[in-house]
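Novice: Please see the structure below; I have some questions.
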Amino acid sequence: MEHAMDHFRVFCLIVALQVSLHAVAQQMTIRIKDYAAMPVTGLTDSKSPNAPYLSRVNFLREEPGVNRRRLFVNDLNGPLYILDRKSRSFTTYLNFNGSSGHPGLFHKLTTQRGYANGFVNFIFDPDYAHNGKFYTIHIEDPKLPGSLLPDNTNFRGLNVEGYTVTPAIKTPGLVQREAVVIEWTDNNTANPTFEGTARELMRVQLNTDAHPMGGLIFNPTARPGAPDWRVLYIACGDGRSGESADPAIRQNPQRLDTLVGKILRIIPDLDEHNDASTVSENGRYRIPNDNPFVSLPGAQKEIWAYGLRNPNRLTWYFDPAHPGHNTLFATVVGLHTWETIDIIHKGANYGYSLREGNEQLNANNETSKLPDVDKIPMLVGATTVGMVTPTYPVVQYGHVKSGGDAITSGYVYRGKIALLRGKYIFGDITTGHIWYVNYDEMLAADDGNPETMAKMHEVQIVWDGPRGGNERYTTMAPITEEAYHARGGKEAGLPGRAVISGGRSDIHFCMDRDGELYILSKSDGMIRAVVGAASH
């Protein structure tokens, strides 16, 4: 035990030194500006862990089509808003929160516990401008009272006739939550409220209230007729099973007969790619024939990649200098040691719960050096059907003060700020640190060598806020804390809990169609735009 802890401390010191050296070598400052203040959905008298957050803003997406005035933004507490770019005003388009007397759609929506519980994510169909379709993930607690069917009492535009619930896809072990994926069809996308139908696609059991299903993304370069056109990638966390003391449950991220701890790939529309896919077991979507495990007996055919703890965000980058070279990134929240960025490949095994970062993860949840023979079993249930070499991250940082507790989303910037182009910008959820990594170095680090990592460079922040925009900050934490208290936050510091940071800035990046970046923060319920950058 002492040897393992010493090993851990040495690695943490190395990471801290690396981050410090990288910051000295190539330091950059970004300028951010307040863009919009979310409607406050927190500040309740509830004692639940999520109550103090002013607004649990999670994603921002620009509406497809010719109308460039509207952004859509979701709050984990339930609402899906339209944000008018000109007036910066919010309109409630839908509200998922129908639990405990709330006026929304789903009586079993759970928001009080679990950092990503509630209305998690949404994404527009690539053909949304013509078909009005979009997709959502929300988390339900099966033990809560009420029907599984959506309640349209306060959203009469939703036609619930014919809506049916899918059987939950089983996950070994006790189940506390279910992740639900729904296809929505808006019959009039010009209106500020939803008018149309909904269709449940899948429901997946989760062992705990942590690490749920969270990521949704389409390949942005796929065009009609291409194999990836309207094919949906879904990131499903492990439901915290991979750190379980129960050896059987602990292997859920590795087991190919489960969907947790995986990247999934499906075709939501039953009328799309008919000749190159098969219909799912529940009859609600199609599965591409070129998914890697469709021919492996007992494996879930939806799986694209596996062995992941909590892949909380997926992003694509299409390199204009190399047409056809598209890269799918996943930011993966770690356990006690490493936060990582993975490049996702078809059929790859990312090692968890036998690996964390580029180290071996042991049964006591501590890490150690990789074994001399770096192979892990490919599992279907408890049966080993082969041995594979894990795929390792291209970036990682440690649970140290100069790092953080939980990695946030990242994007390769492609907007109008020349200095940022070709750089992958990301941060830490809790500490509010921001870094960049050069995209070409990330590709070079994807070489099969677990020791090869792209260099992280610290990013400082200038905030065009109440102080006038002259002060430079090393993290987002003092910015979000100041705004949190200015907007009525009741905690002494930042809300939430984390080992390294104490409170949580709870930041995420999002990107619009022009490739411009926004920083969302749950603590203060703010959306901020990245408006400039300088090197020094």
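Novice: Where nothing but the Cβ of Lys and Arg (+1) and of Asp and Glu (-1) is charged, how large is the charge dipole of the chain around its Cα centre, in debye to the nearest 20?
Specialist: Result for the chain is approximately 880 debye, rounded to the nearest 20.
Novice: Assuming R0 = 45 Å, can you tell me the calculated FRET efficiency for the pair Leu270 and Thr389, based on Cβ-Cβ distance, to the nearest 0.05? Intermediate results must be reported in sequence, preceding the final value.
Specialist: Details: r = 37 Å, r/R0 = 0.82.
The value I calculate is 0.75.
Novice: Could I ask something else about it? Relative contact order for the chain: what is it in percent, counting Cα pairs under 8 Å that are at least 6 residues apart? Provide the component values of the computation, followed by the final result.
Specialist: On the way: 1442 pairs, mean separation 84.5, N = 536.
The normalised contact order for the chain reaches 16 percent.
Novice: If you don't mind, there's one more thing I want to ask. Charges on Cβ only, +1 for Lys and Arg, -1 for Asp and Glu, centred on the Cα centroid of segment 2-535; of Leu308, Ala321, Gln360, which one is farthest towards the dipole's positive end?
Specialist: Result: Ala321.
Novice: Now, a different point. Which lysines does Lys522 reach when only Cα atoms under 22 Å apart count, and residues fewer than 8 places away in its own chain are ignored?
Specialist: Correct list for Lys522: Lys33, Lys47, Lys401, Lys490.
Novice: Given points 7 Å out from each Cα along the Cα-Cβ axis, report the Thr193 to Thr91 separation in nanometres with one decimal.
Specialist: Simple spin-label model gives 1.1 nm for this pair.
Novice: For segment 370-500, with only Lys/Arg (+1) and Asp/Glu (-1) charged at the beta-carbon, what is the dipole magnitude about the Cα centre, in debye rounded to 20?
Specialist: 500
Novice: In cubic angstrom, how much convex hull volume per residue do the alpha carbon atoms of the chain span?
Specialist: So the per-residue hull volume is 145 Å³.
Novice: Between Ser295 and His130, what is the spin-label point distance in nm, taking each point 7 Å from the Cα along the Cα→C-beta axis?
Specialist: 3.3
Novice: Now, a different point. May I ask you to derive the FRET efficiency for Lys170 and Lys346 from their Cβ-Cβ distance with R0 = 30 Å, giving the value to the nearest 0.05?
Specialist: 0.75
Novice: Here's something else I'd like to know. Measuring from label point to label point, each 7 Å out along Cα→Cβ, what is the Gln27 to Glu281 span in nm?
Specialist: Spacing of the two 7 Å Cα→Cβ label points: 5.5 nm.
Novice: Which of the listed residues, Trp184, Thr41, Leu335, is farthest toward the dipole's positive end in the chain, when Lys, Arg count +1 and Asp, Glu count -1 at the beta-carbon?
Specialist: Result: Thr41, furthest along the dipole toward the positive end.
Novice: Where Lys and Arg each count +1 and Asp and Glu each count -1, what net charge lies around Ile32 among other residues with Cβ under 11 Å from its Cβ? Numbers along the way, then the final one.
Specialist: Details: positive: Arg31, Lys33, Arg528; negative: Asp34, Asp464.
Surrounding charge for Ile32 is +1.
Novice: So for segment 414-536, averaging the separation of alpha carbon pairs under 8 Å that are six or more residues apart and normalising by length, what relative contact order in percent results? Could the numbers behind the result be given before it?
Specialist: Working: 204 pairs, mean separation 31.0, N = 123.
Relative contact order for segment 414-536 comes out at 25 percent.
Novice: Same structure again: If packing is taken as the average count of other Cβ atoms within 10 Å, what order do 84-95, 131-142, 400-411 fall into, highest mean first? Write out the running numbers ahead of the final one.
Specialist: Details: 84-95: 15.7, 131-142: 21.1, 400-411: 22.8.
Sorting 84-95, 131-142, 400-411 by mean packing, highest first, produces 400-411, 131-142, 84-95.
Novice: Separate question: Is it possible to state the helix-based mean residue ellipticity at 222 nm for the chain, with each DSSP H run of 4+ residues giving -39500 (n - 2.57), the sum divided by total residues, to the nearest 500 deg cm²/dmol? What is it?
Specialist: Computed mean residue ellipticity for the chain: -2500 deg cm²/dmol.
Novice: Using 0.36 nm per residue, how much length does the chain from Lys375 to Arg69 gain when fully extended, once their Cα-Cα distance is taken away?
Specialist: Full-extension gain reported as 105.0 nm.
Novice: Also, quick follow-up: Short version: ³J(HN,Hα) in whole Hz for each residue of segment 169-182, in order, from phi by Karplus 6.51 cos²θ - 1.76 cosθ + 1.60 (θ = phi - 60°), x for Gly and Pro, what are they?
Specialist: Per residue, the Karplus-derived 3J(HN,Hα) values read 6, 6, 10, x, x, 4, 10, 10, 9, 10, 8, 10, 9, 10 Hz.
Novice: On to the next question. What is the gain in length, in nm to one decimal, between Arg467 and Asn362 on full extension, counting 0.36 nm per residue of separation less the C-alpha to C-alpha distance?
Specialist: The Arg467-Asn362 span can extend by a further 33.0 nm.
Novice: Follow-up question, since we're still on this one. What does the net charge come to around Gly404 if you take all other residues with beta carbon closer than 13 Å to its beta carbon, with K and R at +1 and D and E at -1?
Specialist: Every neighbour counted, the sum reads -3.
Taken together, the values in this text are just the output of simple stated rules run on the coordinates, not laboratory data. What you see is a predicted model, and the numbers here were worked out from it, not measured in a lab. As a convention, Cβ positions derive from the backbone with ideal geometry for all residues, glycine included, and neighbour counts pool all protein chains shown.
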